[in-house]
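Input: a single structure, listed below in structure tokens.
Throughout, read-outs are computed from the coordinates displayed, never taken from laboratory work. For clarity, every value in this text was computed on a predicted model and none was experimentally measured. Cβ coordinates were reconstructed from backbone atoms using ideal geometry, including for glycine residues, and neighbour counts include every protein chain displayed.
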Amino acid sequence: MTVVDVQTTRLLAGGIQGDHVALAPHRAIHGDLRPMTQAALAAAAANVHLLGRGGAAFPVATKLAAVEAGPRVEVVVNGSESEPASRKDRTLMTLVPHLVVDGALLVARALRTSRVTIAVHDRAAYASLAVALDERRRAEPHRESVDVRLQPGRFVGGEVRAVLNGLDGRAPVPPGRRTLPTIRGLHGSPTFASNVETFAQLALLGSLGPQAFASVGDPLERGTTLLTLVGAVPAPGVVEVPTGVSIDALLGPGDGPVLIGGYHGRWVSDAHGLRVTRPLLRDARVPLNAGVIARLPTSGCALAEVSAVTTWLAGQSAGQCGPCLFGTNAVARDVAELLAGRTAPQVKARLEGLIRRGACAHPDGTAAFVASALASMSEEIAAHGNGRGCGRPYLGVLPLGGAR
């Protein structure tokens, strides 16, 4: 996907043309890595209202403060971007890997540990990080042990507890227990784990300082953020935008159903008035999640896109509980029935049966994706009700498959 410069470029500075940024130009752009204490880093993150850039959007300052610092602490960079429509974390790892490594080392030093692990699914990202670490060994030796690990690509395998399981040699699926990684994570140790963009944002915060970092963006969530724009939009690809930008501005003129938040996100029939600020989107019950915003072209069948993704989601079940193993498959069959022009009167009850019943968030996310599609695509569903379909082809706009 193309990396597009929109208004403000910080995270992608130097890499906007699609070139890997080596260590020397990285230092010219961002300066030397300056250590910060745990308290100072947490305070800076709180000052700019920095939220995690994965699915949960958890306050970074709270997570930092929750870790009992010391040499047993593990720092884990979750680079397992298993959302098929998202490319933002892979873009960071392949184009600006030193920014990601800076963020990981900044956190490790703040927590007084030398143990850093970067988990990735994508081989190009793995290779880029390996090159970056080799550059550092020659030009900037550091005492921390930074281990880059390839993990198998699977949708539910990107959840942080699934990643930790995989790194520990167990099945890379979310465990049923709810113990926080900050208490017991990798190798049973206290663990600060977050996604790639979060660490890159922390590196920026360390180099810019809170005041400069907060000079752009929405007061509720300062700075910039990365998005992956998909489908009928002016500039498909990875973009960096100030928080607070209007979703209308990103979509441009046109119609077509809009998906916000990726395959555990929500469909909206009208994105007017929505802005890219995680607290505001959460209040609107449209979480940004992994930062995917997609608009389907009116020339294609929207219900076919929903059916294809729902079937794919059902196939991504971890197989650990009934709602995930059986419920998601039943919902996928119901959506296929609607696509074929047949009624599926039980679909609402099936969707309700997924909510808060699973061992992980996959059933809930699938239910949100499907329920919001059915609510916002009533005309599309009605067009299929005659058994002849809407007359538009399935275009495959929403990508399927595991991490690449």
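Out of all DSSP beta bridges with both ends in region 3-218, state the antiparallel percent to the nearest 5. Provide the component values of the computation, followed by the final result.
Details: 1 of 17 bridges.
Antiparallel bridges make up about 5 percent of those DSSP assigns within region 3-218.
Please determine, in degrees from 0 to 90 and to the nearest 10, the orientation of helix 97-110 with respect to the longest principal axis defined by the Cα atoms of the chain, where the helix direction is its Cα long axis.
The answer is roughly 60 degrees.
Any number yet on Rg/Rh for the chain, C-alpha, Kirkwood? Please report the intermediate quantities before stating the final value.
Details: Rg = 21.0 Å, Rh = 21.6 Å.
With Rg and the Kirkwood Rh in hand, the quotient comes to 0.97.
Given 25 °C and 0.890 mPa s, compute D for region 302-384 with the Stokes-Einstein relation, Rh being the Kirkwood radius over Cα pairs; round to the nearest whole µm²/s.
Values: Rh = 12.4 Å.
Reported coefficient: 198 µm²/s.
About the Cα centre of the chain, how large is the charge dipole given +1 on each Lys and Arg Cβ and -1 on each Asp and Glu Cβ? Please answer in debye to the nearest 20. Before the final figure, lay out each step's value.
Values: 40 positive and 32 negative charges, 196 e Å.
With Lys and Arg at +1 and Asp and Glu at -1, about 940 debye.
Counting only other residues whose beta carbon sits under 13 Å from that of Leu92, what net charge do I get with K and R as +1, D and E as -1? The partial results should precede the final answer.
Numbers: positive: Arg10, Arg53, Arg87, Lys88, Arg90; negative: Glu81, Asp89, Asp102, Asp122, Glu197, Glu240.
Within the 13 Å Cβ shell, the charges total -1.
Computed FRET efficiency, Cβ-Cβ of Ile355 and Ala28, R0 41 Å: what is it to the nearest 0.05? Display every interim value, and only then the final one.
Details: r = 50 Å, r/R0 = 1.22.
According to the calculation, E is roughly 0.25.
In percent, how large is the relative contact order of region 302-384, given Cα pairs closer than 8 Å and 6 or more residues apart? Walk me through the numbers on the way to the answer.
Values: 93 pairs, mean separation 26.4, N = 83.
The value is 32 percent.
Using alpha carbons only, how many degrees (0 to 90, rounded to 10) separate the axis of helix 362-376 from the longest principal axis of the chain?
It is inclined by approximately 50 degrees.
With Cβ to Cβ distances under 14 Å as the rule, what net charge do the other residues near Cys390 carry (K, R +1; D, E -1)?
Details: positive: Arg388, Arg392; negative: Glu305, Glu379, Glu380.
Once positives and negatives cancel, what remains is -1.
Evaluate the Debye formula for region 82-177 with equal point scatterers sitting on the alpha carbons, no solvent, and hand back log10 of I(q)/I(0) at q = 0.18 Å⁻¹, in q order, two decimals.
Each listed q maps to, in turn, -0.89.
Quick check: net charge around Thr191, other residues with Cβ under 13 Å of its Cβ, Lys/Arg +1 and Asp/Glu -1?
Numbers: positive: Lys63, Arg72, Arg115, Arg161, Arg184; negative: Glu68, Glu74, Asp168.
Net local charge, Thr191 excluded: +2.
Using the Kirkwood formula over every pair of different C-alpha atoms, what hydrodynamic radius in Å results for region 131-187?
Values: mean 1/r = 0.0761 Å⁻¹.
Final number for the Kirkwood radius of region 131-187 is 13.1 Å.
Against the longest alpha carbon principal axis of the chain, how many degrees, from 0 to 90 and to the nearest 10, is the axis of helix 196-208 turned?
40
How big is the antiparallel share of DSSP beta bridges in the chain, given as a percent to the nearest 5?
Working: 16 of 39 bridges.
Close to 40 percent.
How big is the shadow of the Cα convex hull of region 3-218, averaged over all directions, in nm²? Spell out each step's value before the answer.
Numbers: hull surface 44.0 nm².
Hull-based average projected area comes out at 11.0 nm².
His142 versus Arg72, label points 7 Å from Cα toward the beta carbon: distance in nm?
The answer from the label model is 2.4 nm.
Arrange the peptides 11-21, 255-265 so that the one whose residues have, on average, the most other Cβ atoms within 10 Å appears first.
Values: 11-21: 17.9, 255-265: 23.9.
Result, highest mean first: 255-265, 11-21.
To the nearest Å, what is the center-to-center distance of region 246-274 and region 166-192, using C-alpha atoms only?
So the separation of the two Cα centres works out to 35 Å.
Using packing as a proxy for protection, rank 83-94, 373-384, 152-163 so that the peptide with the highest average count of other Cβ atoms within 10 Å comes first. Can you show the working numbers first?
On the way: 83-94: 25.9, 373-384: 17.0, 152-163: 22.5.
Packing proxy ranking, top to bottom: 83-94, 152-163, 373-384.
In Å³ and rounded to a whole number, note down the convex hull volume per residue for the Cα atoms of region 99-240.
Numbers: hull volume 23.1 nm³, N = 142.
Convex hull of Cα atoms, per residue: 162 Å³.
Taking Cα centroids, how far is region 59-117 from region 10-50 in Å?
Answer, in whole Å: 12.
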